[in-house]
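Note sheet for the following structure.
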Amino acid sequence: DERPLFAGRFRATTQPVNMVKGESCRLYVRGLILGYKRARTNQTCHTSLIKLENVNDKSAADFYKGKKLCYVYKAKTKKKGTTYRTSWGKVTRVHGTSGVVRAKFKNNLPPSSMGGKIRCMLYPSTI
């Protein structure tokens, strides 16, 4: 049973979207946290593997090198007036040939984030 990785998680559209004045637009690319970089016996917790939406080969993933990543999660206690918190990192390089990227975060991602959603901001721009 071959199902795409993002089947059922995100709505894929191939048609151009007409924007209405005042409507918000998304300025990031959605992705999934696959886990830590690892070998058969050892895992490297300071490097995470991220699968970005609609990025399926190495050349497409090259565009995202250096882009900022944001992991948004919900905490129990309020800080600065909100229960949402963020962990920031950046894409360091491509991992393999299927569009997965490696990323490093200011603080390592927690194990509870595995399989969670992540945002890849489209800045800093290199074009």
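The values are calculated or read from the model by the stated rules, or taken from the named source; none is laboratory data. The shown structure was predicted, so the numbers you read here are calculated from the model rather than taken from an experiment. So basically every Cβ, Gly included, is an ideal-geometry build from the backbone, and we count neighbours across all protein chains shown. Heavy atoms of the whole protein, side chains included, go into the accessibility calculation; ligands, DNA and RNA do not. Shrake-Rupley method; radii C 1.70, N 1.55, O 1.52, S 1.80 Å.
When residues of segment 90-120 are filtered for being in a strand (DSSP E or B) and either within 17 Å of residue 47 (Cβ to Cβ) or open to solvent by less than 20 Å² (accessible area, probe 1.4 Å) (or both), how many remain?
14
How do the pairs read when you match residues in segment 44-72 that are open to solvent by less than 70 Å² (accessible area, probe 1.4 Å) with residues anywhere that are hydrophobic (A, V, I, L, M, F, W, C) and part of a helix (DSSP H, G or I), using Cβ under 7 Å and keeping only pairs 6 or more apart or on different chains?
Partner pairs satisfying both residue conditions: 55/61.
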